[in-house]
Amino acid sequence: MGTGRADERKTTYREAMREAMREALRADDRVFLMGEDVGRYGGCFGVSLGLLEEFGPERIRDAPLSESAFVGAGIGAALSGLRPIVEIMTVNSSLLALDQILNNAATLLHMSGGQLPVPLVIRMTTGAGRQLAAQHSHSLEGWYAHIPGIRVLAPATIGDARHMLAPALADPDPVLIFEHGSLYNTAGELAPLSSPVDLDRAAVRRRGTDISLITYGGSLPKALAAADELAADDISAEVVDLRTLRPLDDETIDASVARTHRAVIVDEAWRSGSLAAEVSARIAERSLYELDAPVERVCSAEVPIPYARLLEQAALPRTADIVAAAHRAVD
Amino acid sequence: MSPARGTRKRKASPSTQGASTASTGRTTATSAAAASEREPVAGRPRTEHRRELLHAMLRIRRFEERCVELYSAAKIRGFVHLYIGEEAVAVGVNEALTSEDAVVATYREHGHALARGIPAEAVMAEMYGKTTGCSGGRGGSMHLFDAGRRFYGGNAIVAGGLPLAAGLALADRMRGQPRVTCCFFGDGAYAEGEFHETANLAALWNLPLLLVCENNLYAMGTAIERHEAQTDLALRAASYGMAAWAVDGMDVEAVERAARRAAESIRGGGGPRFLEMRTYRFRAHSMYDPDRYRDKTEVEQWKAGDPVTRLMDRTREDGELGEKELTGIERRITEEIDAAVEAAEQAPEESVEDLLRHVTSRSTEVT
Ligand SMILES: Cc1ncc(C[n+]2csc(CCOP(=O)(O)OP(=O)(O)O)c2C)c(N)n1
Ligand SMILES: [Mg+2]
């Protein structure tokens with residue numbers, strides 16, 4: 001598969017991410033991929049399938065189950081001039097590397113008085129919805145977005161899966177990429193890239209005039225579906241995909257709220273202390289007088305995500321919940 | 001890779017030297033390689049070399065004694081952990097490293113930073129929180145950095161520097177650079193998962209990593225028998241498939257020999273090495289520690305084996321170093337530290353407007 005084909009073509013989120021890594025590995029011999037089962041197995045979600053064959057075991061490096069050690073090794077290798085992409089199987093096990101991410105990756109530049117930038121990319125799967133039960137269903141990207149010194153991305157579209165990695169690797173500081181597990185099989189057209197993705201900018205995925213649905217990651221398809229339903233009710237919903245969770249793009253949020261005067265924030269994390277809370281607070285701080293209705297939040301129920309299908313679905317934001325919240329704001 | 005690892009495992013037998021002394025009371029830990037005691041080191045005459053070692057250790061000692069005074073005078077704040085008593089480890093190991101090698105240390109790292117060549121002035125200014133400090137005043141005593149000298153901290157999470165050190169070593173291995181990354185950590189760190197994860201990774205990937213465990217017998221107030229089920233640290237490190245041995249960390253020449261031997265085999269592609277440095281801190285854990293958990297006679301016993309006086313005595317016995325030279329060394333050190341304190345006093349504080357600098361590279365560039 002070549003890169004940068006001009007015509008639109010059918011692909012999946014998974015393949016788009018793989019293609020992005022392949023491109024990076026071909027373009028820059030400082031880039032390597034390291035993580036559990038990224039090589040022989042092909043990545044626990046199949047994202048790196050085939051990369052071992054092309055790039056070999058030094059650059060597609062299978063690591064033992066030592067999240068702290070191989071994330072820390074990524075930090076050290078980045079300090080030494082390489083450009084590692086570290087894959088952590090899921091956000092759930094990233095907790096075992098939290099020390100390295102927070103106490104080293106995010107702080108070294110500052111503690112060293114600007115001497116030690118850490119150009120590291122860490123990718124991991126996040127989110128619920130596949131009946132994996134409490135320990136495999138966390139949405140903790142909001143925790144990471146709390147931390148100064150790191151950039152947090154949540155590509156939600158095939159285009160962003162394909163095109164956010166290059167600027168992430170070009171960033172001199174640590175970048176965390178959260179891939180929602182429900183998105184990997186998303187199939188669709190990959191539009192040609194008109195200009196590089198600006199990692200400081202959110203994306204307006206659908207224009208609207210009556211209400212802003214502000215979301216990211218795995219909740220984007222739900223918000224878009226809700227916008228379709230609302231359109232049938234004659235409500236014009238704008239859908240804002242935050243896609244960079246840190247730093248937040250205040251301007252795009254402000255501009256959208258200034259257009260629609262209403263906002264629903266959709267976030268698969270628990271509501272208390274969530275990213276949705278942060279966005280909501282910013283709207284209150286920056287755009288209160290633009291609002292015609294209280295900000296609504298659609299988040300996960302405050303419960304460890306249950307296994308049983310019905311219960312799990314009830315715990316997570318659903319399209320119907322978003323539609324209902326929008327109606328509350330508009331009606 | 002597996003046959004090679006098997007060979008390394010068998011070669012790990014020096015660790016048994018440690019086994020004999022580790023579990024018993026061991027104020028008299030034995031040196032790993034007493035045989036070469038009288039040989040000149042690194043092509044320099046022995047007298048001159050010993051003088052340098054003595055100077056380096058005394059410099060750290062006096063620097064930290066000044067820190068105590070400055071702490072009492074409230075010139076320095078925060079957590080300050082003194083290395084007094086352990087100087088032979090940083091100084092001896094440093095002899096085995098080149099300027100190309102990398103060092104990762106702990107929060108008890110004044111000695112490592114000074115031995116590495118970070119000017120006393122830059123270290124002192126950092127303690128003062130001044131812009132001229134080696135971390136620009138953002139780090140303080142526990143976070144000394146010097147990218148140019150490949151000194152990567154100054155890590156205050158126990159064992160937190162180990163994975164990072166493995167990464168520095170990994171980068172060298174991937175690029176075929178014959179450099180060594182040396183990581184210092186305490187006996188307390190040995191109980192952390194990050195140590196064991198790193199030891200496994202380093203051996204598995206044959207990383208050029210020198211693991212130097214400064215076993216001062218305590219993790220804060222917890223004695224090693226109370227935090228390790230097996231106190232023979234080298235024995236356990238060897239189980240990961242790397243050569244590992246125990247060293248008398250109070251004998252700077254023994255430390256140097258062991259470190260040279262380890263660094264040479266690492267440079268030769270032999271993979272990681274582990275050194276258990278048997279040492280002791282003469283002072284409390286930090287400025288806040290009332291030191292209630294140690295027997296005073298134990299402290300006195302170890303002080304009798306002070307690495308500085310031990311080297312002094314050795315050189316005196318051998319007639320290598322007279323009182324006049326010693327006085328000269330002391331005078332030069334005093335002058336250097338006086339100048340460092342004076343410079344730190346005069347140095348500017350960072351403007352509060354710059355508070356948000358160095359959070360991201362962009363904020364580093366902006367101002
Ligand atoms: C992960 C972690 N846990 C606890 C602490 C608090 N703490 C600081 S130093 C220390 C003792 C460490 O002992 P050791 O590794 O033997 O080093 P030493 O202080 O003896 O040089 C503790 C518990 C910490 N900084 N990091
Ligand atoms: Mg200790």
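The values are calculated or read from the model by the stated rules, or taken from the named source; none is laboratory data. Note that this is a predicted model, so its numbers are computed, not measured. Because the Cβ atoms are built from the backbone with ideal geometry, glycine has one as well, and the counts that use them run over all protein chains shown. Ligands, DNA and RNA are stripped out before the accessible areas are found, and what is left, the full protein with its side chains, is counted by its heavy atoms. Shrake-Rupley method; radii C 1.70, N 1.55, O 1.52, S 1.80 Å.
Being surrounded by fewer than 19 Cβ atoms within 10 Å (Cβ to Cβ), touching a His at 6+ places or on another chain (Cβ under 9 Å) and either β-branched (V, I, T) or assigned to a helix (DSSP H, G or I) (or both) narrows it down to one residue among A:E278, A:E229, A:E251; which is it?
Step by step, each of A:E278, A:E229, A:E251 is checked, and only A:E278 is surrounded by fewer than 19 Cβ atoms within 10 Å (Cβ to Cβ), touching a His at 6+ places or on another chain (Cβ under 9 Å) and either β-branched (V, I, T) or assigned to a helix (DSSP H, G or I) (or both).
Touching a residue at least 12 places away in the same chain (Cβ under 8 Å), buried (at least 23 other Cβ atoms within 10 Å of the Cβ), in a strand (DSSP E or B) and not hydrophobic (A, V, I, L, M, F, W, C) - does that describe any residue in the stretch A:33-48?
For the stretch A:33-48, residues touching a residue at least 12 places away in the same chain (Cβ under 8 Å), buried (at least 23 other Cβ atoms within 10 Å of the Cβ), in a strand (DSSP E or B) and not hydrophobic (A, V, I, L, M, F, W, C): present.
Regarding the stretch A:115-133, can at least one residue be identified that is open to solvent by 30 Å² or more (accessible area, probe 1.4 Å) and assigned to a helix (DSSP H, G or I)?
Within the stretch A:115-133 (the criterion being open to solvent by 30 Å² or more (accessible area, probe 1.4 Å) and assigned to a helix (DSSP H, G or I)), the answer is no, since none of the residues qualifies.
Pairs, please: C-beta under 7 Å, at least 6 apart or cross-chain, first residue on the phi > 0 side of the Ramachandran plot and more than 7 Å from chain A (Cβ to nearest Cβ) and in the stretch B:155-176, second open to solvent by 50 Å² or more (accessible area, probe 1.4 Å) and of a type outside the set (V, I, T)?
B:A159/B:E192
In the stretch B:205-246, which residues are within 16 Å of ligand 1 (Cβ to nearest atom), surrounded by 24 or more Cβ atoms within 10 Å (Cβ to Cβ) and within 29 Å of B:R173 (Cα to Cα)?
B:L211, B:V212, B:C213, B:E214, B:N215, B:L233, B:A234, B:A237, B:A246, listed by residue number.
Closer than 30 Å to A:F55 by Cβ and within 12 Å of chain B (Cβ to nearest Cβ): is that true of A:R151 in this structure?
Yes.
Just name the residue that is nearest to B:V91 (Cα to Cα) out of those in the stretch B:197-221 that are of a type in the set (G, A, S) and within 16 Å of ligand 2 (Cβ to nearest atom).
Among those that are of a type in the set (G, A, S) and within 16 Å of ligand 2 (Cβ to nearest atom), it is B:A219.
So, in the stretch B:222-245, exactly how many residues are within 15 Å of ligand 2 (Cβ to nearest atom) and either touching a helix residue (DSSP H, G or I) at 6+ places or on another chain (Cβ under 9 Å) or over 30 Å from B:L54 (Cα atoms) (or both)?
8
Every residue in the stretch A:72-104 that is open to solvent by less than 20 Å² (accessible area, probe 1.4 Å) and facing another protein chain (nearest Cβ under 7 Å), please.
A:G72, A:A73, A:G74, A:I75, A:G76, A:A77, A:S80, A:L82, A:Q100, A:N104, listed by residue number.
Would you point out the residue of the stretch B:269-285, among those that are within 15 Å of ligand 2 (Cβ to nearest atom) and either open to solvent by 10 Å² or more (accessible area, probe 1.4 Å) or closer than 13 Å to B:W205 by Cα (or both), that is farthest from the other protein chains (Cβ to nearest Cβ)?
For the stretch B:269-285, the residue satisfying everything is B:F282.
Which residues, counting only those in the stretch B:175-201, are part of a helix (DSSP H, G or I), open to solvent by 10 Å² or more (accessible area, probe 1.4 Å) and over 17 Å from B:R150 (Cβ atoms)?
Answer for the stretch B:175-201, where residues must be part of a helix (DSSP H, G or I), open to solvent by 10 Å² or more (accessible area, probe 1.4 Å) and over 17 Å from B:R150 (Cβ atoms): B:G188, B:A191, B:G193, B:E194, B:H196, B:E197, B:N200.
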